[in-house]
1. With the condition kept exactly as written, say whether any residue in segment 20-31 is at pLDDT below 85 and either of a type outside the set (Ser, Thr, Tyr) or open to solvent by less than 40 Å² (accessible area, probe 1.4 Å) (or both).
2. Any chance segment 174-186 includes a residue that's over 26 Å from residue 214 (Cα atoms), among the β-branched types (Val, Ile, Thr) and at pLDDT below 85?
3. Given the conditions (1) over 21 Å from the mean Cα position of the chain (by Cα); (2) modelled with pLDDT of 80 or more, and given that residue 6 satisfies all but one, which numbered condition is not satisfied?
4. Scan segment 76-88 for residues that are open to solvent by less than 20 Å² (accessible area, probe 1.4 Å) and either under 26 Å from the mean Cα position of the chain (by Cα) or without any contact (Cβ under 8 Å) to a residue 24 or more places away in the chain (or both) and jot them down.
5. If I go through segment 89-144 residue by residue, how many of them are open to solvent by 30 Å² or more (accessible area, probe 1.4 Å), farther than 30 Å from residue 75 by Cα and at pLDDT below 80?
6. Please enumerate the residues belonging to segment 176-193 that are in contact (Cβ under 8 Å) with a residue 24 or more places away in the chain and within 13 Å of residue 285 (Cβ to Cβ).
Amino acid sequence: MSGDAGEIALLLGRGLQFVSAVILLGAPLCWLQTSVLPPDGKGGLFPPLGSLVLAGAGVGVLGAVLALAGQSAAMSGVPADAWRPSAWWDVVTGAQFGHVWLLRLGGLVLTPVLVLWGRGPWAVRLCVGLGALLTASLAWQGHGNADDGAAGWVHRGADILHLLAAAVWLGALPVLVVLVSRARRSGLGGDARTAWRALERFSGTGSAAVAVLTASGLINGWFLVGPDHLGALVRTPYGLGLLAKLALFAGMLGLAALHRWRATPQLAADLSHDRPPSQVLRSLELSLALET
């Protein structure tokens, strides 16, 4: 593995770990908040949710392996160390990255145990707790870890809040997509009411997540860019990437506003007047998929 390949492995590993954290925190938290998804016949997780959490744990393990390989090569400067067990051991036992990595791996291994053998809401609550821990731990691999002293704690705290808010918002979307899609396919009023209740109950949490994302993003922007370098946003790769992310964020906000202020009230009106909600459900399914 070349040096560039090691860096790619590290970046890909971080990306997969974030995807995993989003699923493991946001999806079961949405399950708890909406209280509309029935358990399976044995009292375990709602089957699509259980499958989603298992997939999230698998993605997290793959991301952890890639991140460890890339970090091993980066720390030693020897590309071959990416796949050398002794180099892995040195990173795991001798660096902060390795300590956080072990913590994450333990959570990822425990999550499938809760899904397969856990029963009742307590198992879902433990999944949420593990998901929050896994999500917050990513801050020790980000920009906030580069600052020292009080500034470092403020920056890292903003990173943690930013990650948690993003995971709460993004992780709920697949659950909402499943509910709306099921209601559209079945055509049953009960499924449509279940989807409406979930959307309505999550709306407050979604708004809070957006507020935390915005506030923590401003704090991170102050540390990473600062008011004296705003002009450089359009001249540097980092700045262009940040502007692209802000544009996507604005698009997500537009879709979320459409759900809350137009589609969800329209669905409620259709249900209250016994009108077929197929059209609004189709629109909701498409917009939720785009937001996801």
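The values are calculated or read from the model by the stated rules, or taken from the named source; none is laboratory data. Small disclaimer: the values here were computed from a predicted structure and weren't measured. Cβ coordinates were reconstructed from backbone atoms using ideal geometry, including for glycine residues, and neighbour counts include every protein chain displayed. For accessibility, only protein heavy atoms count, side chains too; no ligands or nucleic acids. Shrake-Rupley method; radii C 1.70, N 1.55, O 1.52, S 1.80 Å.
1. Yes, that holds for at least one residue.
2. So far as segment 174-186 goes, no, none of its residues is over 26 Å from residue 214 (Cα atoms), among the β-branched types (Val, Ile, Thr) and at pLDDT below 85.
3. Of everything listed in (1) over 21 Å from the mean Cα position of the chain (by Cα); (2) modelled with pLDDT of 80 or more, residue 6 misses just condition (2).
4. The answer is 81, 87.
5. Final tally of qualifying residues: 5.
6. Passing the criteria: 176, 177, 178, 179, 180, 181, 183, 184, 192.
Here is a yes/no grid of residues against (1) aliphatic (A, V, I, L, M); (2) under 13 Å from residue 30 (Cβ atoms); (3) assigned to a helix (DSSP H, G or I); (4) free of Cβ contacts under 8 Å to residues at least 60 places away in the same chain:
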| residue | (1), (2), (3), (4) |
| --- | --- |
| 154 | yes, no, yes, no |
| 201 | no, yes, yes, no |
| 207 | no, no, yes, yes |
| 212 | yes, no, yes, yes |
| 215 | yes, no, yes, yes |
| 240 | yes, no, yes, yes |
| 248 | yes, no, yes, yes |
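So that you can scan it fast, the table gives a plain yes or no per residue for (1) in contact with a Leu (Cβ under 6 Å, 6 or more places away or on another chain); (2) of a type in the set (Lys, Arg):
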residue: 56; (1), (2): yes, no
residue: 72; (1), (2): no, no
residue: 79; (1), (2): no, no
residue: 82; (1), (2): no, no
residue: 104; (1), (2): yes, yes
